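Structure first, commentary second.
Bear in mind these aren't lab numbers, they're just calculated from the coordinates by the rules spelled out. Keep in mind it's a predicted model, so treat the numbers as computed, not measured. FYI the Cβ positions are ideal-geometry reconstructions off the backbone, even for glycines, and counts take in every protein chain you see.
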Amino acid sequence: MDMNPTEIRTGFAQLVDEMTLARARRGDVAAHATLYRTYARPCYTLAMRVLGSSAAAEDIVQDVFLKLMDAIRQYRGDAPFGAWLKRMTVNAAIDQLRSQRHIDPDDPELLFANAAEPGNTLAADAYDVMGLLQRLPPRARLILVLHELEGYTHKELAELFGQTESYSKSILSRSLRRLQEWLRPDTTEVEISPWPSRS
Amino acid sequence: MAEPELSLKALRLAALPEFDPPPQLWARIEAAHLRRRQRRRLVQWGAGMAAVLTFAALATLLPSAPTVPVNGSPLAQLQRQSHELEQRYAGLDGTLADDGETELRAAELALQRAYDRGAPAEELLPLWQQRNEVLSSLIAVAADGAQLTRI
């Protein structure tokens with residue numbers, strides 16, 4: 001893995017050297033601890049954003065790192081290690097939502113049918129973005145977090161959910177609109193576009 | 001004046017906080033990992049020599065996997081080779097000689113120090129080569145059931 005020491009990377013984009021990976025593949029506990037110190041925070045943050053519960057996020061981090069200690073023997077370095085780990089985290093989060101029966105209907109209309117109504121806006125937490133995020137349906141929240149914060153493309157989301165690209169675009173657009181309504185209940189028909197824009 | 005285009009940045013979602021896991025979480029994960037390893041070892045011993053003999057027989061009888069063309073830099077090739085050796089060695093789990101373990105750890109420590117100080121590829125190459133040689137020796141030793149003696 002080529003590493004540029006002057007380049008500052010954060011979250012799952014951080015790099016680890018090949019020797020640490022080789023030692024981790026051999027079951028070296030110190031190397032596992034190094035990987036944990038590097039990636040536990042992005043892993044936990046992603047889980048918190050998607051699941052909204054510290055207990056559930058801890059379970060995700062534990063599951064992911066236990067799987068990592070076994071699965072790292074199969075990691076061949078075709079993709080950056082952080083990206084590989086992020087995929088494991090996302091899969092674990094989806095599994096947990098499914099196990100809690102929190103994966104909502106496929107139909108975008110039904111998905112938002114039971115979401116909090118715009119009129120329920122709470123002035124006190126209008127800018128508490130974590131609070132607002134948790135008011136979205138779990139699947140919508142997952143799509144929003146993955147696309148807008150974790151850099152997933154609609155093509156990748158389509159593969160992840162077994163849906164079309166227009167499906168995740170529709171969910172994303174509705175999620176943004178709903179968030180906007182919660183933030184500014186007096187404004188309605190305003191065009192919202194994702195940021196930063198990706199395909 | 002036109003309404004500014006709304007975005008996640010405008011919604012302040014880009015400022016979502018990050019979270020640190022609780023400090024004791026790693027200790028819990030380590031403990032869970034240790035428990036799993038102990039359970040697996042028990043299962044392995046329970047299976048006993050039959051599994052080892054079956055594996056050895058299969059390894060002898062099955063044709064070797066086709067060679068995949070190796071691409072990339074010499075360093076990448078050595079790392080790939082190292083990975084393959086690790087996997088072969090892992091298949092011989094439980095046959096580790098103390099001397100070999102010490103030598104392997106020494107090779108790995110030298111590599112880790114080289115990475116930690118940002119050593120160039122020219123410096124890393126012989127160190128990976130050395131690690132591969134130790135791993136190859138350990139595999140050979142494990143196959144012979146002998147002791148590792150390096151002069």
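Overview of results
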| quantity | calculated |
| --- | --- |
| Under the Karplus curve 6.51 cos²θ - 1.76 cosθ + 1.60, θ = phi - 60°, whole-Hz ³J(HN,Hα) for segment A:21-33, x wherever Gly or Pro sits | 5, 5, 5, 5, 4, 7, x, 5, 5, 5, 5, 4, 5 |
| Residue mean of other protein chain beta carbons inside 10 Å, A:62-71 | 3 |
